Amino acid sequence: MAATLEVKYFNSYWLKKIKSIQPVSPATAPAALADYNFTTGNSFFTTNVIPTFIGAGQKLSYTLAGITYTFIILGWKDMGGSVFRIYLDNPITSASFDETTTPAVPLSFGVITDFNHVPGATQYIADPTDSYQDWYIEESRIRGGYNNVSTDLGVRAYIVEDTPNRQSRVSSLIYSGIFNSRTGINNTNQFSVAEDITRSMDPAQGSIQKLYAEDTNLIIFQELKVSRALIDKNAVYSAEGEPLTTSSNIVIGQIQGYAGNYGIGTNPESFAVYGYRKYFVDRPKNAVLRLSQDGITEISGYGMLDYFRDNLGAINSNGVVIGSWDMHNKQYVLSLQETLFAGARRPIGIDEEIIEEYYQTLAFDEDSLGWTSTFSFKPDAGFSLLGNYYTAQNGNLWKHYSTNVPYCNFYGSQYVSSVTFVMNPNPSYSKTFQTINYEGSPGWSLTEINTDSNNGVPVTSALSIANLATLENQLFLNNFKPKENKYFGTIINITPPSEATVVYGQSMSGIAGFYAIGTFTFPDTTQPFVVYTKPANLFAVSSTFAESLSN
């Protein structure tokens with residue numbers, strides 16, 4: 001059925017309701033509505049039949065126990081599972097009943113009598129009682145000026161759209177009118193088709209994933225390309241091909257691509273910025289990149305080419321690459337996270353140790369031009385503010401480098417620090433590594449030491465010597481012995497015998513091989529007192545070795 005369009009006027013604009021009214025027709029249930037349920041106290045009743053003849057503003061009445069109850073229907077909503085909810089203007093005060101009640105309770109659906117809720121509650125609105133979503137604003141005064149000529153609801157010009165389907169132009173930009181808070185100009189809702197307000201990128205380079213405004217330029221990150229658009233200016237080239245920047249009334253000027261076929265893939269979350277340096281990841285090319293005044297540099301090539309080739313390539317389409325700038329240490333922090341299941345960042349019920357296998361968090365340092373450290377935390381996002389570094393995880397915000405928590409504590413979980421090293425003096429000779437020594441803080445332990453052919457016993461941290469008895473006891477322990485602020489440990493061989501082996505295991509001094517790989521850990525969790533409240537330094541690691549006689 002038809003209804004009068006409701007219009008409100010506020011000085012310089014019209015408020016109009018644009019949704020059509022749900023068609024209704026008088027009917028009587030249960031003949032027309034074979035399945036329904038009324039519950040005392042609810043402001044709605046339910047049915048399993050699509051209520052095609054029910055609309056907002058329609059009158060509903062029924063008689064139960066000699067009393068007639070009357071309601072106005074506000075609208076109906078599809079709840080899923082063949083359940084439809086019809087909302088009423090007042091709660092149900094009668095006794096509960098349904099279509100099986102004996103005797104049957106007839107429902108009388110009349111015509112629309114109340115237009116206050118039309119069309120404020122059709123099946124397309126999440127909250128049927130919230131009618132403000134149905135209104136839209138249209139300027140009634142020319143240019144919206146005070147006391148300007150007002151337009152009326154006269155003849156409207158229109159055209160027939162041959163292709164009314166929506167188009168997704170993922171590689172194009174569009175801008176609105178200006179906004180000036182000082183002068184009160186707000187034209188952000190104006191997109192004039194009479195002006196050139198769009199700019200299109202090369203669709204072959206993929207969709208636009210990230211926009212970043214820097215000074216008077218707009219940096220555009222596509223999947224396969226990074227470009228720069230001039231803002232409020234254009235470039236005129238000289239006869240030699242040199243660009244000359246000139247002022248222009250064009251908002252988005254000429255687009256210039258950066259050298260190199262690099263993009264941001266589909267991981268805009270990897271973007272981080274500090275000063276003129278922009279960091280991001282091109283996952284399809286297994287590259288971590290830096291964009292600065294000297295152009296694009298592949299920083300993943302600083303000693304980590306194989307690492308990123310393997311780990312970035314292992315991240316599936318559901319994975320994320322979280323990038324952030326650590327203002328405290330001046331580092332680019334990158335977290336490679338492979339999602340186990342689509343839509344679940346942290347699946348419930350899976351052991352945390354299993355989840356840890358699917359992420360790597362590491363940092364790039366500009367001073368050393370290298371990847372200096374890996375971390376144990378797995379952030380959902382990260383940022384720096386007022387010199388502090390923050391990350392978010394599971395909806396909680398965490399401040400790093402806080403003095404209120406122990407060292408190596410991330411998101412309420414305690415971890416240990418470890419440093420893995422490789423010793424390979426005289427690479428062409430087979431050697432026997434006899435001792436292991438380090439310079440640094442007390443409390444470091446050697447948790448693992450082996451060569452390409454032998455394995456060694458871990459060396460525990462140095463004990464605090466309080467008396468002569470403690471000194472005598474530790475002589476028989478395989479731990480580090482302090483001497484002149486340096487710590488010395490003996491490497492004990494535990495390699496099982498192999499064919500033609502004459503001396504093996506603890507019968508020999510040290511471990512034999514071309515190179516040795518060891519891991520230092522702090523603090524030593526095997527000691528009775530573990531301290532996390534002090535920083536630990538590890539300045540140098542060395543070993544005494546002897547070259548094999550077979551060389």
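The values are calculated or read from the model by the stated rules, or taken from the named source; none is laboratory data. Since the model is a prediction, treat every value here as computed from it, not as a measurement. Heads up, the Cβs are rebuilt from the backbone with ideal geometry, glycines too, and the neighbour counts pull from every protein chain shown. Remember, those area values only see protein heavy atoms, side chains included, never the ligands or the DNA or RNA. Shrake-Rupley method; radii C 1.70, N 1.55, O 1.52, S 1.80 Å.
Quick look at the values:
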| quantity | calculated |
| --- | --- |
| Distance in nm between pseudo-label sites at Asn409 and Val193 (7 Å out along the Cβ direction from Cα) | 6.3 nm |
| Order by protection proxy (mean Cβ within 10 Å, highest first), peptides 250-261, 312-323, 54-65 | 54-65, 312-323, 250-261 |
| Spin-label proximity, Ser172 to the stretch 179-199 - amide N less than 16 Å from point 7 Å beyond Cα toward beta carbon | 191-199 |
| Listed residue pairs exceeding 20 Å between alpha carbons, taken from Lys225/Lys285; Lys210/Lys278; Lys330/Lys486; Lys330/Lys399 | Lys330/Lys486 |
| Mean Cβ neighbour count within 10 Å, used as a protection proxy, ranking 513-521, 163-171, 484-492 highest first | 513-521, 484-492, 163-171 |
| Packing-based order for 187-200, 37-50, using average beta carbon neighbours within 10 Å, highest first | 37-50, 187-200 |
| Asp35/Phe179 FRET efficiency (R0 60 Å; Cβ-Cβ; nearest 0.05) | 0.65 |
| Probe 1.4 Å, protein heavy atoms only - accessible area per residue of the stretch 36-85 in square angstrom | 41 Å² |
| Sorted largest first, extent of the stretch 373-439 alpha carbons per principal axis (Å) | 54, 23, 22 |
